[in-house]
Amino acid sequence: MDFSLCQEIIHNISRVIVGKKIGIELLVVALLADGHGLLEDVPGTGKTLIAKCLARSIGGIFKRVQFTPDLLPSDVTGFNVYSQKSGRFEFQPGPVMAHVLLADEINRTIPRTQSSLLESMEERQVTVDGETYPLPSPFFVVATQNPIELEGTFPLPEAQLDRFLLKIKLGYPEREEEIQILNRFRDKDPLKELGPVVGPEAFVDMQQATRKIRVSEPVAAYLTDIVRATREHAALQYGASPRASIGLMRAAQGMAALNGRSFVLPDDVKKLAGPVLSHRLILKEEERLRGTETDQVIEDIVDRTAVPVGD
């Protein structure tokens with residue numbers, strides 16, 4: 001399988017987005033690994049725009065849900081409506097019926113509505129009134145989230161967080177990048193001119209090929225040691241689950257594919273340990289009050305874990 005199209009997708013997105021290269025690469029990795037991405041940062045840093053560019057680049061159906069406190073689960077999944085013409089109830093699909101679903105400001109709605117995405121994200125289907133409907137393939141949720149410290153937000157349930165393969169922080173642009181943004185958007189909207197690089201069916205083929213990328217026994221052991229160390233670290237109340245181990249392996253396969261390799265390197269695991277694990281760990285209360293961050297804990301674990309030197 002030729003994964004060079006992945007680099008073309010990144011280049012295509014970069015025609016609109018200035019900078020954010022690491023964030024864009026991580027989103028493509030999540031999509032290759034058939035996972036989902038959680039973008040966290042303050043408003044106005046390009047989270048929504050990146051999701052739109054990614055959807056256009058894979059030529060898929062794009063839908064957006066603006067999460068608000070009064071949003072209902074049926075507003076996301078769809079609902080049945082009685083049709084007088086047919087004399088029966090008919091399913092009206094919700095915005096979840098898309099290749100790329102942008103769950104905008106997901107932490108501004110109540111946990112019940114947040115959880116309505118669980119079945120879709122895990123099983124690629126929705127169930128309404130006992131009837132199950134498959135979702136398009138590929139199906140990719142890009143959720144944006146404002147920092148919890150901002151007023152009017154609801155922390156995502158742990159079960160919901162665990163369904164996101166990667167958590168990505170974009171950050172503010174550098175000074176020169178911000179000037180370039182002004183120049184790029186001064187007299188036109190470059191998003192309107194953005195076309196697809198690949199179709200949805202071809203991307204599904206790349207997802208299937210990504211799963212065949214080799215993970216050697218030493219690399220698998222290295223990955224496992226990192227995840228297991230989170231369950232024993234003194235700063236953590238709860239460590240990462242076996243689902244996190246699988247997620248880290250899938251993400252590492254996606255990173256290898258993105259770089260045109262047929263095998264995973266320990267460096268792939270090291271680069272992805274933070275984005276894959278940070279949102280799955282729960283700090284002890286005293287550590288949280290002390291200002292400890294989960295990223296710091298992961299960095300400490302990675303530094304202490306022996307790296308395999310040969311395959």
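Table for the structure above
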read-out: Selection status of Lys47, assigned by TED's automatic domain parsing to the domain that holds Pro173, surrounded by 18 or more Cβ atoms within 10 Å (Cβ to Cβ) and either at positive phi or β-branched (Val, Ile, Thr) (or both); value: no
read-out: Among (1) surrounded by 15 or more Cβ atoms within 10 Å (Cβ to Cβ); (2) at pLDDT below 90; (3) under 17 Å from Leu39 (Cβ atoms); (4) not acidic (Asp, Glu), the one test that Val142 misses; value: (2)
read-out: Test: residue in segment 290-302 that is under 30 Å from Ile10 (Cα atoms), touching a residue at least 40 places away in the same chain (Cβ under 8 Å), in contact with a helix residue (DSSP H, G or I) (Cβ under 6 Å, 6 or more places away or on another chain) and not in a helix (DSSP H, G or I); value: no
read-out: Filtered residues of segment 265-295 (kept if over 17 Å from Leu31 (Cα atoms) and in contact with a strand residue (DSSP E or B) (Cβ under 7 Å, 6 or more places away or on another chain)); value: Ser278, His279, Leu281, Ile282, Leu283, Lys284, Thr292, Thr294
read-out: Residues that are of a type in the set (Asp, Glu) and either in contact with a Cys (Cβ under 9 Å, 6 or more places away or on another chain) or crowded, with 17+ Cβ neighbours inside 10 Å (or both), drawn from segment 156-201; value: Asp162
read-out: Of all residues in segment 14-54 being in a loop (DSSP other than H, G, I, E, B) and basic (Lys, Arg), the one that is nearest to Leu165 (Cα to Cα); value: Lys20
read-out: Flag if Gly247 is in contact with an Asp or Glu (Cβ under 6 Å, 6 or more places away or on another chain) and within 25 Å of Ala143 (Cβ to Cβ); value: no
read-out: Tally of residues being within 13 Å of Ile13 (Cα to Cα) and either among the charged types (D, E, K, R) or not assigned by TED's automatic domain parsing to the domain that holds Ile50 (or both) across segment 190-203; value: 2
read-out: Residues located in segment 239-259, provided they are in contact (Cβ under 8 Å) with a residue 60 or more places away in the chain and either in a helix (DSSP H, G or I) or more than 21 Å from the chain's Cα centre (by Cα) (or both); value: Arg243, Ala244, Gly247, Arg250, Ala251, Gln253, Gly254, Met255, Ala257, Leu258
read-out: Residue under evaluation Ser57, criteria (1) crowded, with 19+ Cβ neighbours inside 10 Å; (2) in contact with a strand residue (DSSP E or B) (Cβ under 8 Å, 6 or more places away or on another chain); (3) in contact (Cβ under 8 Å) with a residue 60 or more places away in the chain, criterion not met; value: (2)
read-out: Meets criteria (surrounded by 21 or more Cβ atoms within 10 Å (Cβ to Cβ) and not basic (Lys, Arg)) for Gly19; value: no
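The values are calculated or read from the model by the stated rules, or taken from the named source; none is laboratory data. Just so it is clear, the model here is predicted, and its values are computed rather than measured. Cβ atoms come from the backbone with ideal geometry, glycine included; neighbour counts cover every protein chain shown.
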